[in-house]
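Heads up: the structure comes next, in structure tokens.
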């Protein structure tokens, strides 16, 4: 435009910026419950702010353990690092389509 420089190719400043980071984060952390998805999105957007200070959320009571004795029976517990991570119920997991491979792809038969 006149005296204001070129117009951006899109009028939506979120696409390719904040939304892309949130989508990528949710893609990397598939299988979260809905509450954890919301918290993950909040954390991702918070870390994109001008001056994030994640240590400000840590208070002395966070350093105390609240769990009981660890379970050591050798079996994997569903939802843990040793078990297969399954998607949460009722949540449509984001699928980027990289796993879908079909079609001609330029090969001769």
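Of all residues in region 49-77, those that are closer than 30 Å to residue 18 by Cα have Cβ atoms under 7 Å from Cβ atoms of residues that are at pLDDT 65 or above and surrounded by 10 or more Cβ atoms within 10 Å (Cβ to Cβ), 6 or more apart or on another chain, in 52/46. Do we find a residue being loosely packed, with under 13 Cβ neighbours inside 10 Å, at pLDDT below 90, part of a helix (DSSP H, G or I) and in contact with a helix residue (DSSP H, G or I) (Cβ under 8 Å, 6 or more places away or on another chain) anywhere in region 49-61? Yes, region 49-61 contains at least one residue that is loosely packed, with under 13 Cβ neighbours inside 10 Å, at pLDDT below 90, part of a helix (DSSP H, G or I) and in contact with a helix residue (DSSP H, G or I) (Cβ under 8 Å, 6 or more places away or on another chain).
The values are calculated or read from the model by the stated rules, or taken from the named source; none is laboratory data. The shown structure was predicted, so the numbers you read here are calculated from the model rather than taken from an experiment. Note that each Cβ is placed from the backbone with ideal geometry, even for glycine, and that neighbours are counted across all protein chains shown.
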